[in-house]
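The values are calculated or read from the model by the stated rules, or taken from the named source; none is laboratory data. This structure is a prediction, so every number in the text was calculated from the model and none was measured. Virtual Cβ from ideal backbone geometry, glycine too; neighbours counted across all protein chains shown. What goes into the accessible areas is simple: the full protein's heavy atoms, side chains included, and nothing from ligands, DNA or RNA. Shrake-Rupley method; radii C 1.70, N 1.55, O 1.52, S 1.80 Å.
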Amino acid sequence: MKFTFAWLKEHLETEASLDEVVERLTAVGLEVEGVENPAEKLKPFVIAEVLAAVPHPQADKLRVLTVDSGTGEPVQVVCGAANARTGLKGVFGAPGAYVPGSDLTLKVAAIRGVESRGMMCSIRELQLGDEHAGIIELPADAPVGAPYAHWAGLDDPVIDIAVTPNRPDCLGVNGIARDLAAAGLGLATHRVTHDKAAEGGFPSPVPIQVEQGSGCAVFAARAFRGVRNGPSPDWLQRRLLAVGLRPISALVDITNFFSLDRARPLHVYDVARVEGTIRARRGEAGERFVALNGKEYEATPDDCVIADDARVLGFGGVMGGEYSGVTGETTDVLLECAWFDPEMTGATGRRHGILSDARARFERGVDPASVVSGIEAATRMILEHCGGEASELVIAGEIPSHSRTIAFRPARVEALGGIDVPATEQERILLALGFEAEHSEPERWQIRPPSWRPDVDGEADLVEEVLRISGYDAITSTPLPRAPGVARPTATAEQLVERKARRAAAGRGLNEAVTWSFISEPEAEAFGGSAWVLTNPISEEMKVMRPSLLPGLLAAANRNMARGAESIRLFEVGRRYLGDQEHPTLALVLAGERGPRHWRSGKAGGFDAFDAKAEALAILAAVGAPADNLQIMGDAAGSYHPGRSGRLTLGPKNVLAEFGALHPRLLKTFDLDGPVAVAEIYLDSLPRKRSAGSMRGAYAPPPLQAVKRDFAFLVPKALAADSLLRAVRGADKASIAGAALFDVFTGQGVPDGEKSLAVEVTLQPAEKSFAEAELKAISDKIVASAAKLGARLRD
């Protein structure tokens, strides 16, 4: 939610500075995400006067201007604007100024042979609107040399706050001001009035109906005839531009203003494009319409639609249609002020992928009591700025009842929140926030929440209101006492395994990431789908719980690579959600270059399946898994590249990890370039330790030096190197300390259908050094064990 500081002050009478307002907003739960002053980017631009304007000698459409910018020395500027003329006052940017609308920095340049030392700017070039027909024209009394932003009143900081889903009232500036006033930062000046904006009025030419179960509880409407839908006033355009909205026309801008000012969405229809009665009803299969965003949508029976006798005019509470939208030629309009069901509105928006300001407010819960006051306030503004004549007010349906009473004990504030807030201060806070209080019993009050707070429905909610306005920083950090007999906290075996895995991954140079447990359905389908689906998710991108940690890590890898990262090494320890259980998992993603370029090695290569395998084996060994006993089985799941992946198992069924190159289909899904290696370690599949002891034995290095011997075997081409290594290690477990593959060769000297595998074997003597005969005996055992797999020593 964005608003300007001056806009806030129209609802809050305060002497507080911008910094004080920002600090208090965050303190009351409206976290400030940023503050930006648009005047900062316009600081280099000043008011200037054109002293002379003559034709360019080499171009008919250009003019050479002599400009006085207040420095005492006129400068020469080449300009192509049709309205550039002698005596015009406009906005000038000198060399070195950055033009935000054109994304360029001005410099002295020759244009068709004539030197130009700056620019006379248009509205679009300063990002103050879309108009680009000519340069800005200022009044004759505009002071030459004065900073333009200050003179134009653009020196108004824009505050951006994060509004939680339970605070629909703070999607309006008046709601934000109310919270600040309750926190003691001033006096809220906005008061809701139900006075009629127009007495009498002609009969409305458009009948309104609300069907039962449509998702629209009440539809208030008023027609206007003879209006002028030209540009909105300058103050309104500047206000919308400041918060990122493009001014369209007076009528549309007025509806946008009330959506931001009072969290009250409105909509206007061109009466000339409406046929018969306007109805709020359920959609029907096959009904289609083009929305105001230019996209076509097909309604479903689960959607609330607004329709006339001929066609659908829009989705109720989400977005109107293009057909009935107002234009500059519109003279007769119908103003809508309705209340739509939050759940149905949110479901319609997610179903069709529509994000709009109206949806953001209706799905959180718009104040039902603002139906009448909202349309009356908008009526006043339309009559003031667009003229015309207003009809009588028509209301179809019933305004939802918001009246409810909550029993509240003031003592619960200290019991639940740890702050002793006097009862008189509690009452002041609640009244300032719009609550009504009756306390015939001193220790038990009856509280009626205001219509704009649908989130307050219990005593704990009232405690929270008092606490956040009083200040959470007043809560003293106090450790809970340890009752006799309560054991000190200890980590579970599962937590210890996760800690070891996390430390091992970080120790190998991987960066830990924390991603959302909720992902979109398409992302989940790419990894086998999810059985955990939310019926009312925040967004379609967070609709299901992840069946794998890889989607979040791949999305993070994409973001990092888009920002120039050359080597991505990410891991995450979290939960996968399969069936009705959650599974602790460590996942890792390796993307980009394996290492930096170097003059000896040249360009660095990318990661492959063997890199992912090495990481998985190292982490498994660190958490105590019997890494030497693991088998490598076939291809991994369908998200891995066939032929470039595998599974690490203990036996045929107990899969401890999967690793490999990511499937090309998923590379496209996550918009990743080049090979990407990934792995998943299933921490809940690790074998349990038989001993409960946690102490490791003292380190005792071997007393004798190890002996290394190399063997080159010719083996069938289909034989996995891991099978040969396992056979070699098992030939003499007492003497063989390790076996490692150091060469794979196919080519001249190797028969067809075979390959050469070279293995380095480490032999560790125990009590005395090996004699030559003992070494030969061990070698014979190794050759014999390899022969069982069809291997033979290479000549």
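Inside the range 613-663, can you point out the residues that are buried (at least 21 other Cβ atoms within 10 Å of the Cβ), in contact (Cβ under 8 Å) with a residue 40 or more places away in the chain, among the small types (Gly, Ala, Ser) and not in a helix (DSSP H, G or I)?
Ala625, Ser639, Ala657, Gly660, Ala661 - these are the residues of the range 613-663 that are buried (at least 21 other Cβ atoms within 10 Å of the Cβ), in contact (Cβ under 8 Å) with a residue 40 or more places away in the chain, among the small types (Gly, Ala, Ser) and not in a helix (DSSP H, G or I).
When you scan the range 242-260, how many residues do you find that are open to solvent by 30 Å² or more (accessible area, probe 1.4 Å), in a helix (DSSP H, G or I) and farther than 17 Å from Glu322 by Cα?
Matching residues across the range 242-260 total 1.
Report, by residue number, each residue of the range 105-124 that is farther than 15 Å from Ala84 by Cα and either out of contact with any Pro (no Cβ under 8 Å at 6 or more places or on another chain) or open to solvent by 90 Å² or more (accessible area, probe 1.4 Å) (or both).
Quick first cut of the range 105-124, residues farther than 15 Å from Ala84 by Cα only: 105-115, 117, 124.
Passing the criteria: Thr105, Lys107, Ala109, Ala110, Ile111, Arg112, Glu115, Arg117, Arg124.
Within the set of pairs 6 or more residues apart or between chains, which connect a residue that is in contact (Cβ under 8 Å) with a residue 40 or more places away in the chain and of a type outside the set (Val, Ile, Thr) inside the range 205-224 to a residue that is surrounded by 22 or more Cβ atoms within 10 Å (Cβ to Cβ) and assigned to a loop (DSSP other than H, G, I, E, B) with Cβ atoms less than 8 Å apart?
Here the result reads Ser214/Gly316; Gly215/Asp303; Gly215/Gly316; Gly215/Gly317; Cys216/Gly316; Cys216/Gly317, each pair linking the range 205-224 to a residue that is surrounded by 22 or more Cβ atoms within 10 Å (Cβ to Cβ) and assigned to a loop (DSSP other than H, G, I, E, B).
Taking Leu480 and the conditions (1) surrounded by 12 or more Cβ atoms within 10 Å (Cβ to Cβ); (2) over 21 Å from Ala181 (Cα atoms); (3) of a type in the set (A, V, I, L, M), which numbered condition does it fall short on, given that it satisfies the others?
(1)
Take the range 20-63 and flag every residue that is more than 15 Å from Gly90 (Cα to Cα) and of a type in the set (A, V, I, L, M).
Val21, Val22, Leu25, Ala27, Val28, Leu30, Val32, Val35, Ala39, Val54, Ala59, Leu62
Within the range 771-780, is there a residue that is assigned to a loop (DSSP other than H, G, I, E, B) and of a type outside the set (Lys, Arg)? Give the derivation first.
From the range 771-780, those assigned to a loop (DSSP other than H, G, I, E, B) are 771; that's our starting set.
Now restrict to residues that are of a type outside the set (Lys, Arg): 771.
Yes, some residue in the range 771-780 is assigned to a loop (DSSP other than H, G, I, E, B) and of a type outside the set (Lys, Arg).
State whether the residues of the range 56-66 include one that is without any contact (Cβ under 8 Å) to a residue 24 or more places away in the chain, part of a strand (DSSP E or B), buried (at least 20 other Cβ atoms within 10 Å of the Cβ) and more than 44 Å from the chain's Cα centre (by Cα). First the steps, then the outcome.
From the range 56-66, those without any contact (Cβ under 8 Å) to a residue 24 or more places away in the chain are 60-61, 63, 66; that's our starting set.
In the following step, the residues that additionally are part of a strand (DSSP E or B) were identified as 60-61, 63, 66.
Of the ones still in play, those that are also buried (at least 20 other Cβ atoms within 10 Å of the Cβ) are 63.
Remaining after also requiring more than 44 Å from the chain's Cα centre (by Cα): 63.
Yes, the conditions are met somewhere in the range 56-66.
Only one residue in Glu23, Glu49, Glu13 is open to solvent by 30 Å² or more (accessible area, probe 1.4 Å), under 30 Å from Thr189 (Cα atoms) and touching a Ser or Thr at 6+ places or on another chain (Cβ under 9 Å), so which one is that? It would help to see each step written out before you state the result.
Details: Glu23 fails: touching a Ser or Thr at 6+ places or on another chain (Cβ under 9 Å); Glu49 fails: under 30 Å from Thr189 (Cα atoms).
Of the residues listed, the single one that is open to solvent by 30 Å² or more (accessible area, probe 1.4 Å), under 30 Å from Thr189 (Cα atoms) and touching a Ser or Thr at 6+ places or on another chain (Cβ under 9 Å) is Glu13.
Looking at the range 77-116, what strands (runs of 3 or more DSSP E) fall wholly within it and have at least 1 residues that are polar (S, T, N, Q)?
Details: elements: 89-93, 109-111, 114-116.
So the answer is 114-116.
Considering the range 332-346 alone, what residues qualify as being touching a Lys or Arg at 6+ places or on another chain (Cβ under 7 Å), open to solvent by 10 Å² or more (accessible area, probe 1.4 Å) and not charged (D, E, K, R)?
Passing the criteria: only Pro342.
Taking the range 256-285 as the search range and keeping residues that are in contact with a strand residue (DSSP E or B) (Cβ under 7 Å, 6 or more places away or on another chain) and among the small types (Gly, Ala, Ser), which one is nearest to Arg238 (Cα to Cα)?
Among residues in the range 256-285 that are in contact with a strand residue (DSSP E or B) (Cβ under 7 Å, 6 or more places away or on another chain) and among the small types (Gly, Ala, Ser), the one nearest to Arg238 (Cα to Cα) is Ala280.
List pairs: first in the range 436-463 and within 18 Å of Glu414 (Cβ to Cβ), second among the acidic types (Asp, Glu) and in a loop (DSSP other than H, G, I, E, B), Cβ under 9 Å, 6+ apart or cross-chain?
Short answer, once both residue conditions are applied: Asp461/Asp455.
Please work out which residue is modelled with the lowest pLDDT, limiting yourself to the range 36-46 and to residues that are assigned to a loop (DSSP other than H, G, I, E, B) and open to solvent by less than 40 Å² (accessible area, probe 1.4 Å). Quick ask: steps written out before the conclusion?
At the first step, the residues of the range 36-46 found to be assigned to a loop (DSSP other than H, G, I, E, B) are 37-44.
Filter again for open to solvent by less than 40 Å² (accessible area, probe 1.4 Å), leaving 37-39, 42.
On the way: Asn37: 88, Pro38: 81, Ala39: 84, Leu42: 91.
Selected residue: Pro38.
Which one is nearest to the chain's Cα centre (by Cα) among residues in the range 347-366 that are of a type in the set (D, E, K, R) and open to solvent by 30 Å² or more (accessible area, probe 1.4 Å)?
Going through the range 347-366, the residues of a type in the set (D, E, K, R) turn out to be 350-351, 357, 359, 361, 363-364.
Now restrict to residues that are open to solvent by 30 Å² or more (accessible area, probe 1.4 Å): 351, 357, 363-364.
Working: Arg351: 19, Asp357: 16, Glu363: 18, Arg364: 18 Å.
Among those that are of a type in the set (D, E, K, R) and open to solvent by 30 Å² or more (accessible area, probe 1.4 Å), it is Asp357.
Looking at Ala524, is it among the aliphatic types (A, V, I, L, M), over 28 Å from the mean Cα position of the chain (by Cα) and under 24 Å from Ser685 (Cβ atoms)? Give the steps one after another, and end with the answer.
Details: among the aliphatic types (A, V, I, L, M): yes; over 28 Å from the mean Cα position of the chain (by Cα): no; under 24 Å from Ser685 (Cβ atoms): yes.
Taking the combined requirement at face value, the residue does not satisfy it.
Can we say Leu789 is part of a strand (DSSP E or B) and within 21 Å of Lys717 (Cβ to Cβ)?
Numbers: part of a strand (DSSP E or B): no; within 21 Å of Lys717 (Cβ to Cβ): yes.
Spelling it out, it is not the case that Leu789 is part of a strand (DSSP E or B) and within 21 Å of Lys717 (Cβ to Cβ).
Can you pull out the residues in the range 702-721 that are outside any strand (DSSP E or B) and surrounded by 14 or more Cβ atoms within 10 Å (Cβ to Cβ)?
Leu719, Ala720, Ala721
With the requirement that a residue be surrounded by 15 or more Cβ atoms within 10 Å (Cβ to Cβ) and closer than 20 Å to Ile632 by Cα, what does the range 724-755 give you?
Across the range 724-755, the qualifying residues are Leu724, Leu725, Arg726, Ala727, Val728, Arg729, Ala731, Gly738, Ala739, Lys755.
Would a scan of the range 568-583 turn up a residue that is of a type in the set (Ser, Thr, Tyr), touching a residue at least 24 places away in the same chain (Cβ under 8 Å) and either open to solvent by 20 Å² or more (accessible area, probe 1.4 Å) or over 30 Å from Val728 (Cα atoms) (or both)? Give the steps one after another, and end with the answer.
We begin by selecting, within the range 568-583, every residue of a type in the set (Ser, Thr, Tyr); these are 577.
Then drop every residue that is not touching a residue at least 24 places away in the same chain (Cβ under 8 Å), which leaves 577.
If we keep only those that are either open to solvent by 20 Å² or more (accessible area, probe 1.4 Å) or over 30 Å from Val728 (Cα atoms) (or both) too, we end up with 577.
Yes, the conditions are met somewhere in the range 568-583.
Can you name the residue in the range 26-35 that is of a type in the set (Val, Ile, Thr) and under 27 Å from Leu126 (Cα atoms) and is also most open to solvent (accessible area, probe 1.4 Å) among such residues? Don't jump to the end; show me each part of the working.
First, the residues of the range 26-35 that are of a type in the set (Val, Ile, Thr): 26, 28, 32, 35.
Narrowing further to those that are under 27 Å from Leu126 (Cα atoms): 32, 35.
On the way: Val32: 29, Val35: 70 Å².
Ranking the candidates gives Val35 first.
What number goes with the only condition from (1) open to solvent by 70 Å² or more (accessible area, probe 1.4 Å); (2) within 21 Å of the chain's Cα centre (by Cα); (3) not aromatic (Phe, Trp, Tyr) that Val544 does not pass?
(1)
Could you tell me whether any residue of the range 771-781 is farther than 11 Å from Ala712 by Cβ and touching a strand residue (DSSP E or B) at 6+ places or on another chain (Cβ under 6 Å)? Before you say what the answer is, go through the steps one by one.
Here is the first cut: in the range 771-781, the residues farther than 11 Å from Ala712 by Cβ are 771-781.
Narrowing the set further to residues that are touching a strand residue (DSSP E or B) at 6+ places or on another chain (Cβ under 6 Å) leaves none.
Checked against the condition, which is being farther than 11 Å from Ala712 by Cβ and touching a strand residue (DSSP E or B) at 6+ places or on another chain (Cβ under 6 Å), the range 771-781 yields no hits at all.
How about the range 285-310: which of its residues are surrounded by 14 or more Cβ atoms within 10 Å (Cβ to Cβ), more than 30 Å from the chain's Cα centre (by Cα) and either more than 23 Å from Ala221 (Cα to Cα) or free of Cβ contacts under 8 Å to residues at least 12 places away in the same chain (or both)?
Glu287
List the number of the failed condition for Val144; all other conditions in (1) out of contact with any Asp or Glu (no Cβ under 6 Å at 6 or more places or on another chain); (2) modelled with pLDDT of 90 or more; (3) open to solvent by 40 Å² or more (accessible area, probe 1.4 Å) hold.
If we test Val144 against (1) out of contact with any Asp or Glu (no Cβ under 6 Å at 6 or more places or on another chain); (2) modelled with pLDDT of 90 or more; (3) open to solvent by 40 Å² or more (accessible area, probe 1.4 Å), just (1) comes out false.
Restricting attention to the range 495-532, and to residues there that are touching a helix residue (DSSP H, G or I) at 6+ places or on another chain (Cβ under 8 Å) and among the β-branched types (Val, Ile, Thr), which single residue is least open to solvent (accessible area, probe 1.4 Å)?
Here the answer is Ile519.
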